[in-house]
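Working notes, beginning with the structure itself.
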Amino acid sequence: MQSKKLISLLLVVIMAFSMIACNQSADAGEISSETDASTIADASGNNSDSSLSSENNVFADTFDDNTPGEWGTYSNGGDFELYAENGELVIDITNAGKLDYAVQIFRDGFQLNENCVYAVSFDIYSDIERDYQWRFQINGGDYHAYYEENTTITTTKQTVTAEFTMSEASDPAPRLCFNLGFQENFDPQTAHKVYLDNFVLTIKDDSNAIAVEALPTPISVKVNQLGYKPDDTKLFVTKYVSDITEFEILDADTKEVVYTGTFNSEYTNSKSGDGSQRTGDFSDFTTPGTYIINVNGIGESYTFTIGDNIYDDIYKDVVRMLYLQRCGCDLDSDLAGDFAHVACHMQETTIYGTDTVIDVTGGWHDAGDYGRYVVPGAKTVMDLFMTYESSEGARSDNLDIPESGNGIPDLLDEAKYELDWMFKMQAENGGVYHKVTCANFPETVEATAETEPLLVSPISATATADFAAVMAHAYSIYKEYDATFAKQCLDASKEAYAYLLENEETLTGFHNPEDIVTGEYNDATISDEFFWASIELYLVTKDSTYLDKAVELYNDKTGGLGWAAVGYYGMYSYLYADESLQINEELKTAFIDTITSACDESIRRAKKDSYFVSLGRNYPWGSNMTVANEGMLYYIAYDLTGNEEYVEYAKLQLDYLLGINPLGYCYVTGYGSFSPDHTHHRPSQALGQTMPGMLVGGPNTNADDPYARAVLSNMVGGTCYVDNDSCFSTNEITIYWNSPLIYLLAKAK
C-alpha cells in the first residue's frame, strides 16, 4: 500500500522547534496539567520534567528562503502549483475544481493539545477577490475540523488573526489546511494566484493542557492469543530476568496452577528496543482448556486456549473479509450484518484518455479505500488457490458467503468473484487494464457514497502477465467444477500472453496518468510476472514453447510471493505439478535450491530474533504480509524436503501475527485480548466499528505517514506500529495481506 499513499503526500520533515512541536525533540509533548502535575509521557514514549511556556511559538513559517518548507499539496480535481518567491508562499491556481478542497495546501509536523489555547496569525492576499477556508483538522478518519474559518481573500494584503481552544482529545499529528478550491463567488476556471506569508501558531495558555495519550505499554508475557493445538510446539516470549527461572500456567477461571515450567539460560537481545527476551516452552502440557501464563516478578499473559478447533472462527472471518470487500453486488444483512449495503460502484466507467465506456462492475475493494486493482487481486486469488491445493481443511463449503452450500469450496467461489471481474478488465487486444478507481482517493464514506466518476487506467504489462498466470492456474482448478468457465479462463490467459509476446520490446512498468493519484502498484520489473505466466501456461497446455520462455526469463533473483515479486508462484506451480510435466530436471533442481536457500537464510535471521521473524530492524510497509508470506514459503520448503524445521518456523510466523510480537498485539481485528480497533478502513471508519477478520499492515520502520512520523519517531523495529485510523502506513488493511494469513490458518487448523 505504500505506493497507494505516497503519491498524494509531500514528505514532511518533522521539526523540533519547541517543547510542543513534535516528539523528535527530547522533551516533546510534556504539558503541565491541573489534574496531574507529574511528568506525562507523550505518544512516542518520551518523558520530560518541563512544561510548556506561554507565548511559545509552535511554528513560524516566513518563506524567506524562497522554498515551501513544510508545506505540501493535495489535489482533488484542481490544477495548481505551490512554490515560494519573493519571500512568500505562492499558490498558482489554473483550475479551482468542483470541491472546496480540490485545491488544498497543508502543513503537518506539529501537535494540538486538549484545553490548550492557541493564537494564529498570517498574511494573505490574492490576484482576485474570492472566498476560501482555512482550518486545523484531524488528519484521517472523517477529517473533521478542530477549528475553521470561512472568509474572503482580497487583493490587498490582510493580516488574519484568530484564537482558539483545542476542545478535543490531544492530537499528535493534526493538519493545517487552506482549502482554495471551488467557491460560489468566482469562476473556478479563472487563473489566479494566492499569496501566504508569516504564518505563526503560538501557545497562549497551556495551564490546563493535556498531553497526547501515551502509546499502550506492551504486555511483558506474550502468547499466541488464539492458543495452541494440544500437540503443537507451544512457545511464549517474555523479558529476560536472570534470577527468574520458572513460570506457571494458571487455569483462567480458577487461577489454579496447573503446570510449572523452567526457563533455560538462553536469551536474545531484541532488535525492537524492548530489551532482552527469553522463550518459554510448554509443549508437553496438552490438556485442553483456557489458561494464563504467570511469571512471578514479570507479569501475566493474556488468556489463550489449548484445543483442537481454536482456529475455526478466525479462519472463517479472515476468509469472509473478502466477501465483505465485494464490490458491485448487494451485501445481504443476514450475511454481512452491519456491513451490509446495496450494490456499490455500479456507474458507467470510462477508459482513461478515451470516450469509451465499459462495464467493470464486481471484484473486491482492494484495501481501506474502494479501488480495484488487477495486480494485488491476482496475488490474492493465487494465495486462495494454493490454500485450496495444500490443505484439506480449505475445502469447506459452509463459510457463510452467498455461494455456500453449492457443492464448490467457498474459497473457489470467492476467487471466482474476483476472476469474473478480471475478465471485464481485459481489452480486445488481450492486454489487461491496470485498475479501476476514481481520480482521487475517497473521503471517509461508505462504499455506496463514493459517487465520483470511475476511470479505467491504461493497460499495464504487470496486470496483463499476472492475469495470464492466474487465469491459466484457474483452468487447472475449475475444470472439475465448471468446464465452461475453466475454458474461458484458459482462452483469456492465452490472449493476454499473446499480447505480452507481441509487445515484448516495449513492455514497461505502470505509472499513474498525471491526473490520477490512486495507488500505482508501480512494479518496474516484469520478468517475474512473465515467468510466472509462462510456467502456468506450459503446465495446462503442455506446449514446451512456454517452458522455453520461462527458462529464458528465470534467473537467480527470481522469487517473491508479494504483489511486486511473484516468481515463487511459478516455481510452486511447477514443483507441485504432475511429475510428467517436470521435464526440465535442471530447472526443477534450481527451483528447489532457490526456495530452500531463501528459507534457510530467512530462518538464520529469525533464529537471532526474539520473536522468530527475519525482519531484524527493518520492517517494511505491510510487514505482516512479509511475515505471512515467509510462513507460506516455509511450508512449501517443508513439502519439498520434509525438513521439520521449516514447518516449525512456519507455525512461529502465525504465532507472531497472533500475539508473540514486540507489542503483544493479535494483529487480526476482532480476535484475541488485544487487537487493532481503529483501522484505516473506510467501511469500519464510516460505521464506527471495526470489521472482524482483517490483518493490519503492522509495524513500519519508515514512518510513511504524518501520524507515524509524529508518534513513532523514537520507536525501533517491531514497535513501529500504532492503532489509529490516521496511521495508514501501519494500520490499513488489504485483501492480499489477508490471503497469506488464510493459507497459514488453513495449515494450522
Charge context of Tyr125, other residues only, Cβ under 13 angstrom, K/R +1, D/E -1: -2
For region 138-151, in residue order, the Karplus 3J(HN,Hα) values (coefficients 6.51, -1.76, 1.60; θ = phi - 60°; whole Hz; Gly and Pro = x) are 5, 9, x, x, 8, 6, 6, 7, 7, 7, 8, 9, 10, 8
Solvent-accessible heavy-atom area per residue, rounded to whole Å², over region 129-170 at 1.4 Å: 48 Å²
Express the accessible area of region 608-695 per residue in Å², computed with a 1.4 Å probe while the remaining protein chains stay in the model. 27 Å²
In whole percent, and with a 1.4 Å probe on the protein chains, what portion of the accessible area of the chain is carbon and sulfur? 45 percent
Before I look further, what does region 402-471 give for accessible area per residue, probe 1.4 Å, in whole square angstrom? 28 Å²
In whole Hz, the Karplus estimates of ³J(HN,Hα) for region 268-283 (6.51, -1.76, 1.60; θ = phi - 60°; x where Gly or Pro) are 10, 7, 5, 8, 9, x, 10, x, 7, 10, 9, 10, x, 10, 10, 4
Zone of Glu389's modelled label, taken as backbone nitrogen in region 623-646 under 14 Å from a point 7 Å along Cα→Cβ: 633, 636-637, 639-640
With +1 on each Lys and Arg Cβ and -1 on each Asp and Glu Cβ, how big is the dipole of region 472-614 about its Cα centre, in debye rounded to the nearest 20? 600 debye
How large is the accessible surface of Asp397 in square angstrom, using a 1.4 angstrom probe and rounding to the nearest 10? 40 Å²
Non-local amide H neighbours of Met694 (under 5 Å, H modeled in plane, Pro and chain starts lacking H): which ones? Thr669
At 1.4 Å probe size, what's the solvent-accessible area of Lys542? Round to the nearest 10 Å². 140 Å²
Amide H to amide H, which residues 5 or more places from Leu99 or on other chains are under 5 Å from it, using H placed in the peptide plane? Phe182
In the neighborhood of Glu450, defined by Cβ-to-Cβ distances under 11 Å, what is the net charge if each Lys or Arg adds +1 and each Asp or Glu adds -1? -3
Taking amide H positions as placed in the peptide plane 1.01 Å from N, state which residues far from Asp131 in sequence (5 or more) or on other chains have amide H under 5 Å from it. Ile153, Asn185
Qualifying trypsin sites (Lys or Arg not before Pro) in region 235-302, DSSP loop, other Cβ atoms within 10 Å at most 12: Lys255
Counting other Cβ atoms within 10 Å, which GluC sites (Glu not before Pro) in region 124-180 have at most 14 and lie in a DSSP loop? Glu129, Glu168
Please work out whether region 410-532 counts as rounded, prolate or oblate from its C-alpha gyration tensor, where a ≥ b ≥ c are the square roots of the eigenvalues and a/c under 1.5 means rounded, while otherwise a/b larger than b/c means prolate and anything else oblate? oblate
Once phi is turned into ³J(HN,Hα) by the Karplus curve 6.51 cos²θ - 1.76 cosθ + 1.60 with θ = phi - 60°, what whole-Hz value does each residue of region 557-567 show in order, with x for glycine and proline? 9, 5, x, x, 10, x, 8, 8, 9, 10, x
With the cut-off at 1.5 for a/c, could you classify region 225-316 from its C-alpha gyration tensor as rounded, prolate or oblate? prolate
Tell me, what is the 1.4 Å probe accessible area of Leu99, in Å² to the nearest 10? 50 Å²
Determine the alpha carbon to alpha carbon distance for each of Lys435/Lys487; Lys588/Lys651; Lys316/Lys494; Lys222/Lys747; Lys316/Lys479; Lys234/Lys479 and list only those over 29 Å. Lys316/Lys494; Lys234/Lys479
Shape category assigned to region 324-381 from the gyration tensor of Cα positions, a/c cut at 1.5: oblate
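The values are calculated or read from the model by the stated rules, or taken from the named source; none is laboratory data. Since we're looking at a predicted model, the values are computed, not measured. Note that each Cβ is placed from the backbone with ideal geometry, even for glycine, and that neighbours are counted across all protein chains shown. All accessible areas refer to the heavy atoms of the entire protein, side chains included, with ligands and DNA or RNA removed. Shrake-Rupley method; radii C 1.70, N 1.55, O 1.52, S 1.80 Å.
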